[in-house]
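**Q** Take this structure first; my questions come after.
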Amino acid sequence: MADEDYVYDEASGEWRPASEMAVAAEAALPVARDAAGNVLADGDSVTLIKDLKVKGTSQVLKQGTVIRSIRLTGNPEEIDCRHESIKGLVLRTEFVRKR
């Protein structure tokens, strides 16, 4: 008989295998998707689908601008990225398309 760790599941009130709980927790995480519905991951490159005015500057990022090496945030509707002239840029996923 294999030694397996059990974790108490407060939602169901039962003791369940830790591996089963880990799979269930991973499936519950929201997935970041671009404007076309493609799943985004860390390190992907995206293209802007709309001209965007950057808050706090007088700069506009034009449609078709390529943003490389994105990072996902805790919010599935936002991605963290860098542009040559803007550091610490956060974009909404509804304005990008995966390359």
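**Q** So, Lys53, is that one at pLDDT 90 or above and surrounded by fewer than 12 Cβ atoms within 10 Å (Cβ to Cβ) or not? Show your work before the answer.
**A** On the way: at pLDDT 90 or above: yes; surrounded by fewer than 12 Cβ atoms within 10 Å (Cβ to Cβ): yes.
The answer is yes for Lys53.
**Q** Can you tell me which residue among Val60, Val66 is modelled with pLDDT of 90 or more, over 20 Å from the mean Cα position of the chain (by Cα) and among the hydrophobic types (A, V, I, L, M, F, W, C)?
**A** Numbers: Val66 fails: over 20 Å from the mean Cα position of the chain (by Cα).
Testing whether each residue is modelled with pLDDT of 90 or more, over 20 Å from the mean Cα position of the chain (by Cα) and among the hydrophobic types (A, V, I, L, M, F, W, C) leaves just Val60.
**Q** Counting residues that are surrounded by fewer than 12 Cβ atoms within 10 Å (Cβ to Cβ), which strands (runs of 3 or more DSSP E) fully inside segment 56-99 reach at least 2?
**A** Values: elements: 78-83, 86-92, 96-98.
Filter on segment 56-99 gives 86-92.
**Q** Among the residues of segment 19-34, is any among the polar types (S, T, N, Q) and at pLDDT below 90? Steps first, answer last, please.
**A** Of the residues in segment 19-34, the ones among the polar types (S, T, N, Q) are 19.
Still in the running and at pLDDT below 90: 19.
Scanning segment 19-34 turns up at least one residue that is among the polar types (S, T, N, Q) and at pLDDT below 90.
**Q** Going by the structure shown, is Ala22 farther than 16 Å from Arg99 by Cα, without any contact (Cβ under 8 Å) to a residue 12 or more places away in the chain, of a type outside the set (S, T, N, Q) and not in a loop (DSSP other than H, G, I, E, B)?
**A** So Ala22 passes the test.
**Q** While we're on this one: From the list Glu10, Glu77, which one is at pLDDT below 90 and among the acidic types (Asp, Glu)? Outline the logic, then answer.
**A** Working: Glu77 fails: at pLDDT below 90.
Criteria check complete, one pass: Glu10.
The values are calculated or read from the model by the stated rules, or taken from the named source; none is laboratory data. A quick note: this is a predicted structure, and the numbers were derived from the prediction, not measured. Glycine gets a Cβ as well: all are built from the backbone with ideal geometry, and neighbour counts include every protein chain shown.
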